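Contents: one structure, followed by commentary.
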Amino acid sequence: MSIGVPRLYGDLIYLGATFDFGQMLRLGPTADDVKVLWTTDSQIGAGSPMATPLFFDGVYYGDRRSGSYICFDPETGEKHWETFAASTGGRPANYSNIFTILHDPSDGKSKEAARLFLVNEKGDLIIARPSPKRYEEIDRCHLIEPTYRVMGRTVVWSHPAFANRSIYYRNDKEIICVSLAAEDAE
C-alpha cells in the first residue's frame, strides 16, 4: 500500500509504502544512473504509507507508521529528531499519520516566516516551526472529531484542503471550514 505521493527534492525522490518501507533515490540522466541512497529500517528514514512528506530547507519532515513525527537528512537518512507529541500524544499507534503542509507567507524569501501545518488523525491542526534542531510546536487547536474506527482507535484519515485563508476538513460525517485569518485582518 502506498497512498502518499512520491516527493521530488532536487535530484532526490522519496518513495514511501506500508510496513515502514521508505526509499530515497538519486535520479540520474538515465534509468541506469538511478542510485538507492538508503532504504528505511528502524534507525533510518520514515516509511509512512499515507502522508506525503515535505522537504524544506534541506531536511525531510514526515511521519512514521508507528505514529511518530520525524525530521531527518534526506541524503543520509540520519535522524535529526523524532517525537510522538504531534500525533498520538506520546505513544505509538499503528498506521498513525500526520499530514504536513508548508505555509510560507514570504514565498521563500524568509525561512523564519515559514510554518508547518500538521493535521493529525485526532482531528488537530498544529502549527510548528520547521527546524532540524528540535520539534517546536507554536500552537494547536482541535478541528473535528475522529469518526472512523480502525485498529482499536477512532481516527480522521482525510487530507485537509486550504483556500481563501481557511482550512477545509472532513471526517465521515461532516465537512467543516475554519478561517485561519487573523482576527484583526480585513
Count of the range 39-48 residues which are on the phi > 0 side of the Ramachandran plot and either surrounded by fewer than 18 Cβ atoms within 10 Å (Cβ to Cβ) or at pLDDT 65 or above (or both): 1
Candidates 88, 52 - the one that is at pLDDT 85 or above, among the hydroxyl-bearing types (Ser, Thr, Tyr) and within 23 Å of residue 134 (Cα to Cα): 52
Verdict on residue 82 being among the acidic types (Asp, Glu), modelled with pLDDT of 90 or more and assigned to a strand (DSSP E or B): yes
Every residue from the range 81-109 that is of a type in the set (Gly, Ala, Ser) and either out of contact with any helix residue (DSSP H, G or I) (no Cβ under 7 Å at 6 or more places or on another chain) or touching a residue at least 40 places away in the same chain (Cβ under 8 Å) (or both): 85, 86, 87, 89, 90, 93, 96, 108
Criterion violated by residue 78 - all others in (1) in contact with a Pro (Cβ under 9 Å, 6 or more places away or on another chain); (2) among the charged types (D, E, K, R); (3) surrounded by fewer than 23 Cβ atoms within 10 Å (Cβ to Cβ); (4) touching a residue at least 24 places away in the same chain (Cβ under 8 Å) satisfied: (1)
Count - residues of the range 147-164 that are aliphatic (A, V, I, L, M), within 15 Å of residue 120 (Cα to Cα) and outside any strand (DSSP E or B): 1
Inter-residue pairs, beta-carbon under 8 Å, first among the β-branched types (Val, Ile, Thr) and in the range 133-156, second exposed (fewer than 10 other Cβ atoms within 10 Å of the Cβ), 6+ apart: 147/173
Within the range 170-186, tally of residues that are among the aliphatic types (A, V, I, L, M), at pLDDT 95 or above and either in a loop (DSSP other than H, G, I, E, B) or in contact with a helix residue (DSSP H, G or I) (Cβ under 7 Å, 6 or more places away or on another chain) (or both): 0
Which listed residue is more than 22 Å from residue 16 (Cβ to Cβ), more than 14 Å from the chain's Cα centre (by Cα), at pLDDT 95 or above and assigned to a strand (DSSP E or B), from 167, 127, 144: 167
Hits in the range 98-135 (condition: over 14 Å from residue 159 (Cα atoms), among the acidic types (Asp, Glu) and surrounded by 12 or more Cβ atoms within 10 Å (Cβ to Cβ)): 104
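The values are calculated or read from the model by the stated rules, or taken from the named source; none is laboratory data. Every value quoted in this text rests on a predicted model; they were computed, and no experiment measured them. Because the Cβ atoms are built from the backbone with ideal geometry, glycine has one as well, and the counts that use them run over all protein chains shown.
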